[in-house]
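Notes to accompany the following structure.
The values are calculated or read from the model by the stated rules, or taken from the named source; none is laboratory data. Model, not experiment: these values are computed from the prediction. Note that we place each Cβ from the backbone using ideal geometry, even for glycine, and neighbour counts take in every protein chain shown.
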Amino acid sequence: MHRYGEALSNCEKATQADPNFLLAKNNLAFTKNKVAETKVALAKKKSDLMSNDKKTGEQILNLGMEFYNLKDFDSANGLWKLIKKNEATYPRAQNNLASVYIIRGQLDLADHAIKEALSREPDNQLFKNNKNWLEQKRKETK
């Protein structure tokens, strides 16, 4: 799995720290190009998936993660919100939504999503970790 969104953030930080660092500039340009290529490919993948009558929650969940890894949170959330409550992947989708909401500082939405996830899978450690992260963010914002 390529983590171009994370690479892009790191390249931007490097060029801000030293605007004359040529390698950082080259890496930033390369990464921006890869992000753009990947977004085009993911848009096609999304279009194909949405037109498939037999798409699964797992496919939607995984495609959402690909957008998430590009830091395209709107696309990721849009996909995860398509997963219905009766699907097995619903708790993971809710947990993923909670992650984005925490990143964006939308703590009430995160709280709702993580409660949904935990109500289905109360012993899931990843869900508990997000709950702890949410609580930490709430303390930081007070």
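Structure notes:
- Boolean, Ala43 is not polar (S, T, N, Q) and not assigned by TED's automatic domain parsing to the domain that holds Lys115: yes
For (1) touching an Asp or Glu at 6+ places or on another chain (Cβ under 7 Å); (2) of a type in the set (A, V, I, L, M, F, W, C), each residue gets a yes or a no:
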{"position": "His2", "(1), (2)": "no, no"}
{"position": "Lys13", "(1), (2)": "no, no"}
{"position": "Gln16", "(1), (2)": "no, no"}
{"position": "Ala24", "(1), (2)": "yes, yes"}
{"position": "Lys32", "(1), (2)": "no, no"}
{"position": "Val40", "(1), (2)": "no, yes"}
{"position": "Ser51", "(1), (2)": "no, no"}
{"position": "Glu58", "(1), (2)": "no, no"}
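- Counting only helices (runs of 4 or more DSSP H) that fall entirely inside the range 1-111 and contain at least 2 residues that are exposed (fewer than 12 other Cβ atoms within 10 Å of the Cβ), the qualifying elements are 4-17, 22-50.
- Within the set Glu116, Glu135, Glu140, the sole residue that is in the same structural domain as Gly64 (by TED's automatic domain parsing), in contact with a Leu (Cβ under 9 Å, 6 or more places away or on another chain) and either touching a residue at least 60 places away in the same chain (Cβ under 8 Å) or in a helix (DSSP H, G or I) (or both) turns out to be Glu116.
- When the range 109-136 is filtered for residues that are within 16 Å of Asn96 (Cβ to Cβ) and charged (D, E, K, R), the ones remaining, listed by number, are Asp111, Lys115, Glu116, Arg120, Glu121, Lys128, Lys131.
- Look at the range 10-39: where a residue is farther than 14 Å from Leu70 by Cα and a partner is not in a helix (DSSP H, G or I), sitting 6+ places away or on another chain with Cβ atoms under 7 Å, you get Ala14/Phe21; Thr15/Phe21; Ala24/Asp18.
- Residue pairs whose Cβ atoms lie under 8 Å apart, sitting 6 or more positions apart in sequence or on different chains, and linking a residue in the range 80-109 that is under 15 Å from Gln59 (Cβ atoms) and not assigned by TED's automatic domain parsing to the domain that holds Lys137 to a partner that is among the β-branched types (Val, Ile, Thr) and surrounded by 19 or more Cβ atoms within 10 Å (Cβ to Cβ), do not occur here.
- Verdict on Glu66 being farther than 26 Å from Glu6 by Cα, out of contact with any His (no Cβ under 6 Å at 6 or more places or on another chain) and not assigned by TED's automatic domain parsing to the domain that holds Gly5: no
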